[in-house]
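Since the structure comes first, as structure tokens, the remarks are kept for the end.
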Amino acid sequence: MELHFEELLGKITDFIKSEARTETIVGEQFELGEFKCVPVIKVGMGFGSGGGEGTEAKGRKGEGMGAGAGVGIEPIGFLVSKGEEISFLAAGKTHGLAAVFEKVPDLIEKIIENRRKEEATV
């Protein structure tokens with residue numbers, strides 16, 4: 001069994017180049033009044049592969065291979081320009097209850113840390 005990783009990686013990379021573009025995810029640059037807005041995205045990817053072969057005590061041989069890839073694409077904001085001024089406007093800023101839920105992991109970590117300190121002093 002033969003797996004051509006270079007060929008596979010090339011095809012995946014070409015796919016990401018053609019599909020993981022701001023235009024296909026968020027849209028084209030646009031104007032809003034006197035502001036020009038350019039969408040910005042974040043792309044992350046990961047690859048993994050493995051293979052092996054072996055022989056059982058009864059003399060039977062076996063082999064196997066596998067590969068996988070994942071891509072994450074997220075809109076992160078807009079470059080906004082007006083005349084000579086350029087600024088970045090972040091997308092997804094949370095407010096209210098959603099902001100509280102984002103802080104829950106930090107709160108749990110602080111509670112655990114405080115309990116450890118209390119147990120260490122006892």
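Every read-out reported here was derived from the displayed coordinates using simple, explicitly stated rules and does not represent laboratory data. Source: prediction; values computed, not measured. All Cβ positions, glycine included, derive from the backbone under ideal geometry; neighbour counts span all protein chains shown.
Hydrodynamic estimate: the Kirkwood radius of the stretch 5-91 over Cα pairs, inserted into Stokes-Einstein at 25 °C and 0.890 mPa s, corresponds to D of 148 µm²/s.
Ordering SER18, SER81 by the number of other Cβ atoms within 10 Å of each residue's own Cβ, fewest first, gives SER18, SER81. Put simply, the amide H of GLY77, placed in the peptide plane, has neighbours under 5 Å in VAL40, ALA91, leaving out anything fewer than 5 places away on its chain. Excluding same-chain neighbours fewer than eight residues apart, the aspartates and glutamates reachable from LYS82 by a Cα-Cα span under 15 Å are GLU31, GLU34.
Extension gain, VAL122 to LEU79: 0.36 nm times the residue separation minus the Cα-Cα distance gives 10.1 nm. Note on PHE47 and GLU19: the extension gain reaches 8.3 nm, defined as 0.36 nm multiplied by sequence separation minus the Cα-Cα distance.
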